[in-house]
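Visitor: Have a look at this one.
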Amino acid sequence: IQKLPAVVQNENFLKELSAAWSTATQSSSTASTEARGNSQIKTDPESRLTHVFGKNYRDLWRVRLGWVQRAPDYVVLPHSHDDVVKLMEVAVANNIVLIPFGGGTNVTGCIEASLLETRRTIVSVDMRRMGRMLSIDRNSRVAVFEAGVLGPDLDEAIGRHGFKFGHDPDSYIFSTLGGWIASRSSGALSNKYGDIENMVLSLKVVTPNGVIETPLVSRPCGPDLNGIFIGSEGHFGIITEACVKIEPIPAVALYEGWMFPNFESGYSAFYECTKLGVHPTAMRLYDEDDTQMSMALKSEEPGINKIISKGVKQYLKNVKKWELEKTCLVILGHEGTAEQVKLENKSTAAIFLKFGAFRVGKGAGAGWQEKKYDLPFVRDFALQHKMWADVFETSVVYSEAVACWRAVKAEVRAVWKERGQVGWIGCHVAHQYRFGCCLYFTFAGQQKDERDIEILLEIKQRATEAMLRHRGNLTHHHGIGYEHVPWMERYLGTPAMEMLLAFKAIVDPNDNCNPHKLLPVRRLEGESAKDAAERRKKMMLFYQCGIQQQQKGGKAKL
C-alpha cells in the first residue's frame, strides 16, 4: 500500500457523483437498503490496490515486487444501469477515465490503469453489485442479467427454473457476465453451448455519447451491433445489461478419458469428428507435454487405482507398442438426453478407435471436472517456488493447426536456448469449429533475475509471430487488452482499424473509456503514416508495463 502512486485528485468529480447517486438512492426501488447503505465510492488505498492488476504473469510479478506504476485513483460501485448512466455523465463532464472491472481475472491488461494517464483521474468501475437477474422468458429460453453477475450466481438464478448457461471458462467462479462479453470469452463446453458471442441476444451499453440498446430478436438484420461491443473491453462504453440464451439442464452428463499414441493421431480424430458432424459437448486433446503435466498433477490414487493405472501403461507399452512419452490424453464430454448421449458417445468412440485410441474411462473425466478451475492456482503455486508461468492461445484454421502447434513450441524453446535457459511448454486443443480450432499453450520457466520479464515478452512476441504466420488470430478468448495491441493493425488491416478508431471517436470523443487498450491511439490530424506509426509504438503499453524498473537496475527477487 505504501508503494501506491499518489492519487490524481478530482474533488469536483467526487462531489458531483456523490450527489447524483444520492438522488438515485432516494428514488431507487431496485436495490436493497443494506446494499445502498454501503459506500459506492471508495478512495481508500486497499480498494485502489485490489483493482490495480489482472492475473497474468506480468501482473503477478509486479504484485510480488510491490511495484505499481499507475493505479486507479478511485473505485466506484454502481448498483444499476441508471447509476452507470449518471457515472458516465459526471465522468465526461470532468474528463475522467473509466475502466470497467468485473472479477479482475483478465490476463491481457484490460483492467489496468494506463501509466500514460498522468494528469487525468482514473476510476475503476467495479460492477459486482450489479448482479441481478432482471427477467426470464421460459418459453423463449432467454434471461436478462445485469453485467456484474458472477458465473455461479448466474447459473444458480436460472437453475431454479431448470436451466443452465453453459459458459464454463477457467475463471468461471470469479468472473462476470460483463467481463465475458467484453473480452469475447469462451468456455470449455463451447462445442455444444457456443462461445459468448453465440449466447448474447441483446446488450445495453452506456457510452459517453448516450445509451445504446441493441434489439432483442431471434436474429438481427442489417449490421450486427452486438458484434461491435462483444470483445470491446470497455473501450467504447460500459456494458450494463445483457439478454442471453439459456439451456435446459441436461438429463445426462458423461465425461471420460481416452489416450492416443501421439498428438497427430488425436488431432486427426478430432478433425474427422468435426468433418462428419459429430460434435460432443467437450473434446480436449492434450499434447505429450501437457499430458505429462496433467499426470503429474493427479490427486493421490487409492492402491487399486494405482495398480490399474500401472497395468494400463504396461498394456499400451508392451501390447500396443506405444511410446509412452508421446501419448496424449483426451477428455471427452457429452450432455443431453440419455438417447443423445448414447448415440453421440458411440459415434465419437468409433472415430477415436479408427485412429488407434484407447478408452481410459470415466475416472479421467471425473478428475478433469474436479480440477478444471485449478490451472490459475497451479501458476500461483509455481511462482511461490521460484518458477514463472503464463499462457497464450490462438484460433487457427485446420489446414494450419498442426504446423502452428509445432512452430509456436519451436519458437518458445528457441528463446530459452538462445538465453541459456530451460523451460517447459505444453498445449491442448479445444473449441472445435467447422473450419478450425483453438490451440491453448501453457509455458513455464525458472526464475533467475530481473530479466525474467524480458524473456517472457520475447516469448510472447515470437509466439505471436508464429501464430500469425500460420493464419492464427491474436487470441481465442483472453481479449486484446494492451498485450496484443502491437499486432492489431496487422491483424485487422489498416482500413478496418481506422474504421474502428473512427467509431471510437464518435462514441467516446475524449477517450474517457479505457484508453490505450484494444486499439492503437488515433492518428492526429495532418500526421503522416510514418509519424503515426512511430508515435503509436511509443504509446503501446506492451513495451512499457513492468519494463521501466529493469532499465533502472536492481535485482528483482520474488
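Visitor: When the residues of the stretch 274-292 are filtered to those that are β-branched (V, I, T) and open to solvent by 10 Å² or more (accessible area, probe 1.4 Å), which remaining residue is nearest to G365 (Cα to Cα)?
Guide: Ranking the qualifying residues of the stretch 274-292, first place goes to V278.
Visitor: Among the residues of the stretch 332-373, count how many are within 16 Å of D168 (Cβ to Cβ) and open to solvent by 60 Å² or more (accessible area, probe 1.4 Å).
Guide: Count: 3.
Visitor: For the stretch 294-312, indicate whether the set of residues that are modelled with pLDDT of 90 or more, open to solvent by less than 60 Å² (accessible area, probe 1.4 Å) and either assigned to a loop (DSSP other than H, G, I, E, B) or farther than 30 Å from K55 by Cβ (or both) is non-empty.
Guide: No, the stretch 294-312 contains no residue that is modelled with pLDDT of 90 or more, open to solvent by less than 60 Å² (accessible area, probe 1.4 Å) and either assigned to a loop (DSSP other than H, G, I, E, B) or farther than 30 Å from K55 by Cβ (or both).
Visitor: Can you name every residue in the stretch 180-209 that is in a loop (DSSP other than H, G, I, E, B) and under 22 Å from the mean Cα position of the chain (by Cα)?
Guide: S183, R184, S185, S186, G187, A188, L189, G194, D195
Visitor: Here are G179, G148: which of them is in contact (Cβ under 8 Å) with a residue 12 or more places away in the chain and open to solvent by 20 Å² or more (accessible area, probe 1.4 Å)?
Guide: Matching residue, one of G179, G148: G179.
Visitor: Mind checking which residues of the stretch 379-400 are open to solvent by less than 50 Å² (accessible area, probe 1.4 Å) and farther than 29 Å from H470 by Cα?
Guide: Those that are open to solvent by less than 50 Å² (accessible area, probe 1.4 Å) and farther than 29 Å from H470 by Cα: D380, A382, L383.
Visitor: A follow-up question, please. Residues in the stretch 318-331 that are open to solvent by 70 Å² or more (accessible area, probe 1.4 Å) and outside any loop (DSSP other than H, G, I, E, B): how many?
Guide: Within the stretch 318-331, residues that are open to solvent by 70 Å² or more (accessible area, probe 1.4 Å) and outside any loop (DSSP other than H, G, I, E, B) number 4.
Visitor: What number of residues in the stretch 115-139 are part of a loop (DSSP other than H, G, I, E, B) and farther than 26 Å from L154 by Cα?
Guide: 7
Visitor: Follow-up question, since we're still on this one. Working only within the stretch 487-519, note down all residues that are open to solvent by less than 30 Å² (accessible area, probe 1.4 Å) and either assigned to a helix (DSSP H, G or I) or of a type in the set (A, V, I, L, M) (or both).
Guide: Correct list: W487, M488, M497, L501, K504, V507, L518, L519.
Visitor: Additional query: Within the stretch 520-549, can you find the residues that are open to solvent by 20 Å² or more (accessible area, probe 1.4 Å) and among the small types (G, A, S)?
Guide: Once the filter is applied, which keeps residues that are open to solvent by 20 Å² or more (accessible area, probe 1.4 Å) and among the small types (G, A, S), the stretch 520-549 yields G526, S528, A529, A533.
Visitor: The conditions are (1) under 24 Å from K164 (Cβ atoms); (2) in a helix (DSSP H, G or I); (3) of a type outside the set (V, I, T), and E272 fails exactly one of them. Which is it?
Guide: Going through the list (1) under 24 Å from K164 (Cβ atoms); (2) in a helix (DSSP H, G or I); (3) of a type outside the set (V, I, T), E272 breaks only (1).
Visitor: Quick one: what pairs do we get from the stretch 254-273, first residue under 19 Å from G361 (Cβ atoms), second part of a helix (DSSP H, G or I) and open to solvent by 20 Å² or more (accessible area, probe 1.4 Å), C-beta under 6 Å, 6+ apart or different chains?
Guide: Every condition considered, the pairs that remain are Y255/Q369; E256/K362; G257/A364.
Visitor: Please work out if V90 is crowded, with 18+ Cβ neighbours inside 10 Å and not in a strand (DSSP E or B).
Guide: Answer is yes for this residue.
Visitor: Right, next: Take A20 and decide whether it is of a type in the set (G, A, S), crowded, with 21+ Cβ neighbours inside 10 Å and modelled with pLDDT of 90 or more.
Guide: no
Visitor: Select from the stretch 456-474 the residues that are of a type in the set (V, I, T) and either touching a Leu at 6+ places or on another chain (Cβ under 9 Å) or surrounded by fewer than 24 Cβ atoms within 10 Å (Cβ to Cβ) (or both) and list them in ascending order.
Guide: The answer is T464, and nothing else.
Visitor: If a residue has to be assigned to a helix (DSSP H, G or I), under 26 Å from the mean Cα position of the chain (by Cα) and more than 24 Å from L519 (Cα to Cα) to count, how many in the stretch 210-265 make the cut?
Guide: Of the residues in the stretch 210-265, 1 are assigned to a helix (DSSP H, G or I), under 26 Å from the mean Cα position of the chain (by Cα) and more than 24 Å from L519 (Cα to Cα).
Visitor: Would you check if there is a residue in the stretch 152-160 being touching a strand residue (DSSP E or B) at 6+ places or on another chain (Cβ under 8 Å), open to solvent by 20 Å² or more (accessible area, probe 1.4 Å) and either under 15 Å from V244 (Cα atoms) or not in a loop (DSSP other than H, G, I, E, B) (or both)?
Guide: yes
Visitor: Could you count how many residues in the stretch 140-151 are part of a helix (DSSP H, G or I) and of a type in the set (A, V, I, L, M, F, W, C)?
Guide: Qualifying residue count, the stretch 140-151: 0.
Visitor: Do any residues in the stretch 154-173 that are charged (D, E, K, R) have Cβ atoms under 9 Å from those of residues that are in a loop (DSSP other than H, G, I, E, B) and surrounded by fewer than 14 Cβ atoms within 10 Å (Cβ to Cβ), where the two are at least six apart or on different chains, and which pairs are they?
Guide: D170/D374
Visitor: Any chance you could count how many residues in the stretch 379-416 are out of contact with any strand residue (DSSP E or B) (no Cβ under 6 Å at 6 or more places or on another chain) and not in a helix (DSSP H, G or I)?
Guide: 4
Visitor: Looking at G426, G479, G445, which one is over 30 Å from G194 (Cβ atoms), touching a helix residue (DSSP H, G or I) at 6+ places or on another chain (Cβ under 8 Å), open to solvent by less than 10 Å² (accessible area, probe 1.4 Å) and not in a helix (DSSP H, G or I)?
Guide: Of the residues listed, the single one that is over 30 Å from G194 (Cβ atoms), touching a helix residue (DSSP H, G or I) at 6+ places or on another chain (Cβ under 8 Å), open to solvent by less than 10 Å² (accessible area, probe 1.4 Å) and not in a helix (DSSP H, G or I) is G445.
Visitor: Using the structure shown, decide if F101 is aromatic (F, W, Y), farther than 27 Å from V252 by Cα and surrounded by 22 or more Cβ atoms within 10 Å (Cβ to Cβ).
Guide: Spelling it out, F101 is indeed aromatic (F, W, Y), farther than 27 Å from V252 by Cα and surrounded by 22 or more Cβ atoms within 10 Å (Cβ to Cβ).
Visitor: Considering only residues that are at pLDDT below 95 and in contact with a strand residue (DSSP E or B) (Cβ under 8 Å, 6 or more places away or on another chain), look in the stretch 23-57 and name the one that is surrounded by the most Cβ atoms within 10 Å (Cβ to Cβ).
Guide: Result: N56.
Visitor: Kindly evaluate E339 against the criterion of being free of Cβ contacts under 8 Å to residues at least 60 places away in the same chain and outside any strand (DSSP E or B).
Guide: When the stated conditions are applied, E339 passes them.
Visitor: Taking G257, is it under 19 Å from G103 (Cα atoms) and crowded, with 18+ Cβ neighbours inside 10 Å?
Guide: No; evaluated as a whole, the condition is false for this residue.
Visitor: Something else: Determine whether R434 is over 20 Å from the mean Cα position of the chain (by Cα) and not in a helix (DSSP H, G or I).
Guide: So R434 passes the test.
Visitor: Condition test on E112, is it open to solvent by less than 40 Å² (accessible area, probe 1.4 Å), of a type in the set (D, E, K, R), touching a helix residue (DSSP H, G or I) at 6+ places or on another chain (Cβ under 8 Å) and part of a loop (DSSP other than H, G, I, E, B)?
Guide: Yes; evaluated as a whole, the condition is true for this residue.
The values are calculated or read from the model by the stated rules, or taken from the named source; none is laboratory data. What you see is a predicted model, and the numbers here were worked out from it, not measured in a lab. Positions of Cβ are generated from backbone atoms using ideal geometry, with glycine treated the same way; all protein chains shown enter the neighbour counts. Areas reflect the complete protein model, heavy atoms only, side chains present, ligands, DNA and RNA absent. Shrake-Rupley method; radii C 1.70, N 1.55, O 1.52, S 1.80 Å.
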